[in-house]
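The values are calculated or read from the model by the stated rules, or taken from the named source; none is laboratory data. Note that the structure is a prediction, hence the values are computed from the model and not measured. These area figures cover heavy atoms from the full protein model, side chains too; ligands, DNA and RNA do not enter into them. Shrake-Rupley method; radii C 1.70, N 1.55, O 1.52, S 1.80 Å.
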Amino acid sequence: MAKKLYVGNLSYSTTEESLGGLFAQFGEIVSTTVIKDRATGQSKGFGFVELADEAAAEKAITDLNGKEFEGRRIRVNVAEEKKPRPRFGEGGFDRGGRY
């Protein structure tokens, strides 16, 4: 089963290709994404790599977390599911109207 990894503290010049190249030594890569700013298109300094094999993903975490890549000491761990943000008007804030 595929496992998605978070990769933080990336150099702003890191590309999806170079990130994929780093993780290719651990096994089949399902996807590689470097998160970019919508307005400028510049990297935000983190990304995600999805590996096809769970054991390969665990090995990648062990071997790469804290290692230097493109001049930065990267952080690698299991990606957490993003919590959905409440839509406008759904919970969270009470207007505190008068009665």
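Mind checking the per residue accessible area of the chain for me, 1.4 Å probe, whole number of Å²?
75
Would you kindly compute the Cα radius of gyration of the chain and its largest Cα-Cα separation (Dmax), both in Å?
Using the Cα atoms of the chain, the pair Rg, Dmax is 17.7, 65 Å.
Does anyone have the angle between helix 54-64 and the longest principal axis of the chain? Alpha-carbon axes, 0 to 90°, nearest 10?
Computed tilt is about 80 degrees.
Calculate what fraction, in whole %, of the accessible area of the chain sits on carbon and sulfur atoms when a 1.4 Å probe is rolled over the protein chains.
The C+S portion of the solvent-accessible surface of the chain is 48 percent.
What do you get for Rg/Rh over segment 27-83 if you use C-alpha atoms and the Kirkwood form of Rh?
The Rg/Rh ratio comes out at 0.99.
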